[in-house]
Amino acid sequence: MSIDERLHLITRNTAEIITVDELREKLEHQEKIKGYIGFEPSGLFHIGWLIWTQKVKDFIDAGIDMTILRATWHAWVNDKLGGDMNLIKLAADYTIEVIRQYGIDISKLHIIDADDLVKDKDYWALVLKVAKNASLARIKRALTIMGRKAEEAEIDASKLIYPAMQVADIFYLDLDIALGGTDQRKAHMLARDIAEKVGRKKVISIHTPLLVGLQGGQRMKAEGLEEDDIQAELKMSKSKPETAIFVTDTPEEVERKLMSAYCPKGVIEDNPVIQIVKYIIFNRFSSMKIERDIKYGGDIEFKSYEELEKAYIEGKIHPMDLKKATAKKLNEILDPIRKGLEKKSEFVELTQKILKSVTR
């Protein structure tokens, strides 16, 4: 595979790369390139996570030496799943199983748990070095990486440790590339800014877009809110089950949720159905058929997302027809994941327990 082909695989369907020049230089001159993504085992796996899952596959295919960090301690600090570490670790197992059922060759990944890091005093030395080189204000601003607001640190001071831990993860693993959603930007920028001060290399940051929730483009107009914070508020969230599609949702639930999703005619911006087509459907399929009554022009097949987007903007595709086609293709992707999880009783029980807690 050529440098350009590898670069295309790594960068496609991303929101931001800091920086492309640094990435190309690594590909041209470095034989082994180490990348990672960390995930917080905090609940059910929704389809927004399939965006970064696909990027992990792209990285592997491009020859990147990939690590997935099960951020169990981070989830505990962030009060996920009631702070029950056993439940958090089971949720981590469940997430890895989803990734495997999606089609990622787990044998090509380094899967590590935060337990492996925190037992080493050198890791905690790095956490302290990060904290010593970051102001309190900077750490507070970075709390959005964990879905928190700055003022929440006033309630529980342990939250302030989280950003320093995430940056320390990057340095401890001696990474070249840090992958994450755009909501992780503040942690990655902090790592880049203080790298030289702590004697570590500056990590390349690659950010995937956040899939907007099914409520769609009800954009926040809060004065002074930064764009990445707005997107974090709009993103699909496992704590709002009716605005999210989970990989364990039945085919009927997937269709029901999509049929009620925000999808105004001709509008692309913050349209969750369009985003699902762009970042999930066309990542797995080379074409997409829209089935229509003959009086509305009959079936139409698109060979690329760009072709479909153009037709939608021009009003040539009705939102309901797009929703039905999206549900059909999405269910094709989710079907093997659902079936794989159903074979393991511990994951079935976990799913039921979490669903009860978020719908209570």
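The calculated FRET efficiency for residue 174 paired with residue 296, based on their beta-carbon distance and R0 = 51 Å, is about 0.35. Atom-type composition of the exposed protein surface of the chain places 49 percent of the accessible area on carbon and sulfur (1.4 angstrom probe). Within the set (1) 52; (2) 57; (3) 46, the number that percent of Cα pairs over 26 Å apart takes when calculated for this structure is listed as (1).
Suppose R0 equals 56 Å; then what is the FRET efficiency for residue 124 and residue 267 from their Cβ-Cβ distance, rounded to the nearest 0.05? Intermediate values should be presented prior to the final figure.
Details: r = 49 Å, r/R0 = 0.87.
According to the calculation, E is roughly 0.70.
Which entries in the list 55/80; 201/344; 55/324; 80/343 go over 30 Å, if you measure between the two C-alpha atoms of each? Can you show the working numbers first?
Working: 55/80 25 Å; 201/344 42 Å; 55/324 26 Å; 80/343 25 Å.
As for pairs spanning more than 30 Å Cα to Cα, those are 201/344.
Over 32 Å between Cα atoms, which of 32/89; 26/310; 34/159; 89/186; 186/289; 121/339 qualify? Listed pairs above 32 Å: 26/310; 186/289; 121/339. The H on the amide N of residue 111, modeled in the peptide plane, is under 5 Å from the matching H of 68, each at least 5 residues off or on a different chain.
Of the DSSP H helices in the chain, those with a Cα length along their own long axis of 15 Å or more and a mean Kyte-Doolittle hydropathy reaching -1.0 comprise 49-61, 85-102, 121-132, 161-172, 319-342, 345-359.
Apply the Kirkwood formula to segment 253-360: the hydrodynamic radius equals the inverse of the mean of 1/r over all pairs of different alpha-carbon atoms; give it in Å with one decimal.
Working: mean 1/r = 0.0652 Å⁻¹.
Taking the inverse mean of 1/r over all distinct Cα pairs, segment 253-360 comes out at 15.3 Å.
Working from Cα pairs under 8 Å separated by at least six residues, relative contact order for segment 250-332 is 39 percent. Scanning residues 5 or more positions from residue 299 or on other chains, those with amide H under 5 Å from its amide H are 292, with H placed 1.01 Å from N in the peptide plane.
In a fully extended conformation the segment linking residue 137 and residue 353 would gain 74.0 nm over its present Cα-Cα distance, using 0.36 nm per residue. With R₀ set to 51 Å, the beta-carbon distance separating residue 84 from residue 289 gives a calculated FRET efficiency near 0.70. Amide H contacts of residue 16: 207, each under 5 Å away and 5 or more positions distant or on a separate chain (H built 1.01 Å from N in the peptide plane; Pro and chain starts excluded).
Where does the charge balance sit around residue 268 when Lys and Arg score +1, Asp and Glu -1, over other residues with C-beta under 13 Å from its C-beta?
Here the charged neighbours net out to -2.
With viscosity set to 1.306 mPa s at 10 °C, what whole-number translational diffusion coefficient in µm²/s follows for segment 38-153 from Stokes-Einstein and a Kirkwood radius over Cα pairs? It diffuses with D of about 101 µm²/s by this estimate.
The values are calculated or read from the model by the stated rules, or taken from the named source; none is laboratory data. If you're wondering where the values come from, they're calculated on a predicted model, not measured in any experiment. Heads up, the Cβs are rebuilt from the backbone with ideal geometry, glycines too, and the neighbour counts pull from every protein chain shown. Each accessible area value is taken on the protein alone, full model and side chains, heavy atoms only, with ligands, DNA and RNA left out. Shrake-Rupley method; radii C 1.70, N 1.55, O 1.52, S 1.80 Å.
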